[in-house]
1. On the given criteria, is residue 74 free of Cβ contacts under 8 Å to residues at least 12 places away in the same chain and more than 23 Å from residue 175 (Cβ to Cβ)?
2. Among helices (runs of 4 or more DSSP H) lying entirely in region 261-315, which contain 1 or more residues that are under 23 Å from residue 239 (Cβ atoms)?
3. Tell me which residues, restricted to region 138-191, are within 19 Å of the chain's Cα centre (by Cα) and assigned to a loop (DSSP other than H, G, I, E, B).
4. Going by what's in this entry, would residue 165 be described as buried (at least 24 other Cβ atoms within 10 Å of the Cβ), at pLDDT 95 or above, within 21 Å of residue 21 (Cβ to Cβ) and touching a helix residue (DSSP H, G or I) at 6+ places or on another chain (Cβ under 8 Å)?
5. With the requirement that a residue be part of a helix (DSSP H, G or I) and at pLDDT below 90, what does region 192-229 give you?
6. On the basis of being touching a helix residue (DSSP H, G or I) at 6+ places or on another chain (Cβ under 8 Å) and either in contact (Cβ under 8 Å) with a residue 12 or more places away in the chain or surrounded by fewer than 17 Cβ atoms within 10 Å (Cβ to Cβ) (or both), does residue 123 make the cut?
7. Go through region 43-59 and count every residue that is assigned to a helix (DSSP H, G or I) and surrounded by 16 or more Cβ atoms within 10 Å (Cβ to Cβ).
8. Could you identify the single residue in 13, 41 that is within 29 Å of residue 90 (Cα to Cα) and outside the structural domain of residue 400 (by TED's automatic domain parsing)?
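The values are calculated or read from the model by the stated rules, or taken from the named source; none is laboratory data. It should be emphasised that the depicted structure is a prediction, and the values quoted were computed from it without experimental measurement. Cβ sites come from the backbone with ideal geometry, for glycine too, and all protein chains shown count toward neighbours.
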């Protein structure tokens with residue numbers, strides 16, 4: 001039954017993500033920004049400034065796929081694999097935790113696998129996890145690294161935990177306070193662990209060292225330890241007024257990550273099970289299920305209250321697996337209470353109803369994502385199609401549109417990523433002499449100086465594609 005539950009959950013997760021993403025573009029603009037940054041990093045691997053306010057870990061992934069000739073869509077497939085792997089690891093971890101607490105004895109033959117199955121299914125149908133599971137954004141990988149690090153530490157594999165956390169620390173800033181969670185878990189597990197103290201400490205020393213190394217590298221190159229954080233604050237200050245004419249009141253922002261997003265993801269009854277599970281976990285002193293989400297939620301909420309990030313939904317992908325785990329524990333707790341008070345067929349019907357309700361939410365989330373993607377980036381897709389179809393093997397492409405570059409699938413050596421507003425007819429003439437046809441992709445208002453010496457091959461209100469032969 002255990003294997004059947006795990007395989008069934010993975011099949012459901014795969015089907016939902018395929019519905020959401022198959023044949024559709026990535027709707028997150030930042031995914032294309034990561035793609036182009038990675039290409040720039042391939043051309044200048046020692047220049048840390050190309051990473052802008054982002055950490056380099058996800059750019060390494062993009063760069064590796066680009067170097068292998070696999071491109072943007074392969075990165076999306078990698079995110080799908082990460083999403084499914086997180087679900088599998090969550091299942092195995094929750095099952096292990098439950099077995100340690102209650103053993104494998106259950107009159108209804110539910111056992112620890114029941115909590116694991118509900119947890120994995122809840123994560124499989126969570127809207128933020130579905131969105132991340134086919135995106136070239138780093139959230140699916142980051143969630144895998146966080147859950148994998150905690151599960152590895154609990155399985156007495158501190159080196160594996162440290163390695164995963166180190167990659168996480170170079171992928172998203174949320175992993176920096178997460179090092180504290182690993183330290184707390186390692187200290188709390190120390191008495192019952194037979195792993196030497198110096199090896200246990202590697203679980204948090206390794207990611208802490210990775211953070212220090214990144215800061216030192218920036219200090220050596222730019223003269224500032226945390227220049228990227230300063231730049232990030234400046235970016236947020238510029239961007240928030242475009243998103244909010246007025247920021248939500250602080251109580252709404254305080255509840256956004258801990259309550260509002262989980263409520264919108266699963267609804268009231270499953271969320272009630274999650275809070276019940278949190279109570280059960282607290283009483284059982286299973287701190288590995290409590291400390292990481294507390295640290296992540298504390299960091300995200302505090303930063304959002306201080307307006308130091310944009311309050312994006314995708315940040316929830318890091319901690320929702322822990323909510324899903326608590327939901328599974330809560331469902332198992334209800335099962336233990338009811339097993340002597342309700343007939344087995346009725347209990348089975350209640351469990352099936354919960355599973356169907358979760359699947360229904362996942363199905364709806366997938367269809368909604370697919371509908372949004374069908375309307376997204378129409379102009380960019382049209383421009384990319386023109387480049388794929390008409391740009392020759394040697395043509396140069398002046399472009400400041402990262403999305404078009406990614407969707408075109410063309411080799412990075414073809415692109416010159418100048419600000420196209422600075423391109424003049426002379427630049428086209430010079431490039432044409434050495435490489436034949438020259439293409440320009442930009443906003444219409446940036447290419448007025450080039451219209452007289454170019455032919456328009458695609459026009460829209462937001463993008464124009466010109467060619468000079």
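1. Details: free of Cβ contacts under 8 Å to residues at least 12 places away in the same chain: yes; more than 23 Å from residue 175 (Cβ to Cβ): yes.
It is true that residue 74 is free of Cβ contacts under 8 Å to residues at least 12 places away in the same chain and more than 23 Å from residue 175 (Cβ to Cβ).
2. Details: elements: 261-266, 268-284, 291-305.
Ranges flagged: 261-266, 291-305.
3. Listed by number, the residues that qualify are 138, 170, 171, 172, 173, 174.
4. Working: buried (at least 24 other Cβ atoms within 10 Å of the Cβ): yes; at pLDDT 95 or above: yes; within 21 Å of residue 21 (Cβ to Cβ): no; touching a helix residue (DSSP H, G or I) at 6+ places or on another chain (Cβ under 8 Å): yes.
Judged against the criteria, residue 165 is not a match.
5. Taking region 192-229 and keeping what is part of a helix (DSSP H, G or I), we get 192, 197-222, 227-229.
The answer is 192, 197, 198, 222, 227, 228, 229.
6. yes
7. Kept after step one, since they are assigned to a helix (DSSP H, G or I), are these residues of region 43-59: 43, 48-51, 57-59.
Then keep just the ones that are surrounded by 16 or more Cβ atoms within 10 Å (Cβ to Cβ); that gives 48, 50-51, 57-59.
Number of matching residues: 6.
8. On the way: 41 fails: within 29 Å of residue 90 (Cα to Cα).
Answer to the selection: 13.
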